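What follows is a single structure, written as structure tokens, with notes after it.
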Amino acid sequence: MSLRRSLWRLLRAVLFRFDAERAHRITVSLIRWSYRFGGGHLLRIASGAPAVSSQSVAPSGECEVFGMRFASRVGLAAGFDKDAEIVPALPSLGFGFAEIGTVTPRPQSGNDRPRLFRDLERQCVFNRMGFNGLGAAVVAKRLESVRDRLPSAFRVGVNVGKNKDTPLEEAARDYAAAAAAFKSLADYIVINVSSPNTAGLRSLQAIESLHPIVDAVKEAIRGAKSPPLLLKLAPEVESEELARIFAAADRWGVDGWVLTNTLAGNREGLSGGWSGKVLTELSRTRLEQARAVTRLPIISVGGIMDADEAERRVRLGANLVQIYSGWIFGGPSFPVEISNRILIKNTEIKG
Ligand SMILES: Cc1cc2nc3c(=O)[nH]c(=O)nc-3n(C[C@H](O)[C@H](O)[C@H](O)COP(=O)(O)O)c2cc1C
């Protein structure tokens with residue numbers, strides 16, 4: 001076993017002794033501290049990522065999606081860095097892009113703790129966070145202050161949602177307000193209508209609810225250089241409904257898809273969403289079903305727990321992949337491991 005893997009096993013044994021949310025906060029602090037004092041060097045030692053500068057990125061994994069260069073096809077999924085705390089450190093951790101958020105227009109505290117759990121044996125994570133975050137104005141300011149320091153092909157997407165206390169009928173206003181704050185900062189915007197942890201949110205996946213939200217967000221980000229607009233759906237949206245949503249969204253001018261969010265379920269009587277291995281097959285199936293009905297770019301996320309699965313997703317037509325649970329269990333070298341596997345050219349991807 002490599003020294004890097006042995007050190008990770010050791011660190012993981014320590015981190016996993018803490019409650020999952022506490023371990024998350026410790027990890028975020030460790031990353032921030034390492035970046036601040038090591039300038040990315042310490043993180044690159046941990047991840048195996050090549051050196052990056054603001055001008056150049058490792059050429060190996062680069063690809064073009066939405067007419068933009070991406071440093072690699074591997075990104076960090078929404079929910080890990082909700083408030084853009086560690087964005088400048090992520091290139092040194094081997095990511096080619098990151099999706100921050102979900103960001104809501106106003107700050108909110110989320111559900112009561114405990115609200116995050118891991119299951120090492122089953123390689124799953126269960127969360128019922130409920131869009132805790134600092135709100136769009138603060139996060140946008142943060143992102144603005146670091147944008148210039150990022151490598152040119154490192155992309156930042158912003159995932160937006162609605163506040164808990166906003167009635168579902170007024171959801172479009174919230175999505176538009178959150179997106180507007182990132183109009184000139186985000187490389188892409190994601191409308192998240194698929195979190196199971198905000199009451200009624202998933203009902204917004206119905207075509208008649210989705211249409212006004214898409215229209216409002218498109219209007220809010222209209223400008224000289226409007227970022228591409230993506231929709232993130234739940235894994236429970238089945239093939240036929242998926243095709244209906246895709247056909248409608250095509251007419252509305254949606255630019256791409258993030259498939260999928262967590263699988264709704266229960267744990268010890270509390271409802272929330274499952275991530276990780278439990279999602280692998282379902283998320284892969286949704287990718288295949290989506291690829292059969294659209295040529296638009298797809299970001300595949302859900303249960304990518306090893307490099308084989310990441311490669312499989314790209315071969316099935318994913319333009320980009322994201323990881324969350326796989327990183328938690330696989331450790332700091334996981335993004336680089338995957339990136340090195342999926343050096344697949346655009347021309348080889350179905351679409
Ligand atoms: C703790 C936690 C928080 C999450 N928060 C969000 C979120 O705020 N917005 C969102 O769109 N997805 C969120 N997700 C879902 C992930 O982005 C991803 O879709 C899901 O975890 C499946 O990927 P995985 O199996 O690699 O973890 C969250 C996931 C976890 C585990």
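The values are calculated or read from the model by the stated rules, or taken from the named source; none is laboratory data. From a predicted model like this one, the values you see are computed outputs, not experimental measurements. Using ideal geometry, Cβ is built from the backbone for each residue, glycine included, and neighbour counts are taken over all protein chains shown. The accessibility values were calculated without ligands, DNA or RNA, using every heavy atom of the protein model including side chains. Shrake-Rupley method; radii C 1.70, N 1.55, O 1.52, S 1.80 Å.
Overview of values
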{"read-out": "Aspartates and glutamates with Cα under 14 Å of Lys82, excluding same-chain neighbours fewer than 8 positions away", "value": "Glu21, Glu99"}
{"read-out": "Rounded to whole Hz, the Karplus (6.51, -1.76, 1.60) HN-Hα couplings of segment 162-167, x for glycine and proline", "value": "10, 5, 4, 8, 8, x"}
{"read-out": "Mean projected area (nm²) of the alpha-carbon convex hull when segment 140-229 is viewed from all directions", "value": "6.2 nm²"}
{"read-out": "Cα Rg, Dmax, segment 202-351, angstrom units", "value": "16.0, 50"}
{"read-out": "Whole-percent carbon and sulfur share, accessible surface of the chain, 1.4 Å", "value": "52 percent"}
{"read-out": "Among the listed pairs Lys141/Lys225; Lys162/Lys277; Lys183/Lys277, those beyond 31 Å (Cα-Cα)", "value": "Lys183/Lys277"}
{"read-out": "Theoretical ellipticity at 222 nm over the chain - DSSP helices of four or more residues, -39500 (n - 2.57) apiece, nearest 500", "value": "-11000 deg cm²/dmol"}
{"read-out": "Accessible area of segment 3-348 divided out per residue, in Å², using a probe of 1.4 angstrom", "value": "42 Å²"}
{"read-out": "Gain upon complete extension [Asn266, Glu281; 0.36 nm per residue less C-alpha separation]", "value": "3.5 nm"}
{"read-out": "Rule-of-thumb Rg ratio for segment 1-132 [Cα; 2.2 N^0.38 Å; N residues]", "value": "1.15"}
{"read-out": "Cut-off 15 Å, label 7 Å out along Cα→Cβ of Glu62, residues of segment 77-117 by amide N", "value": "96-97"}
{"read-out": "Highest to lowest packing among 64-73, 316-325, 78-87, 214-223, scored as the average C-beta count within 10 Å", "value": "316-325, 78-87, 64-73, 214-223"}
{"read-out": "Backbone HN-Hα couplings from phi across segment 90-105 [Karplus 6.51/-1.76/1.60, Hz, Gly and Pro as x]", "value": "5, x, 6, 9, x, 8, x, 6, 9, 10, 8, x, 5, 9, 9, x"}
{"read-out": "Reference-scaled alpha-carbon Rg (2.2 N^0.38 Å with N residues) for segment 109-267", "value": "1.07"}
{"read-out": "Relative compactness, the chain, computed as alpha-carbon Rg over 2.2 N^0.38 Å", "value": "0.91"}
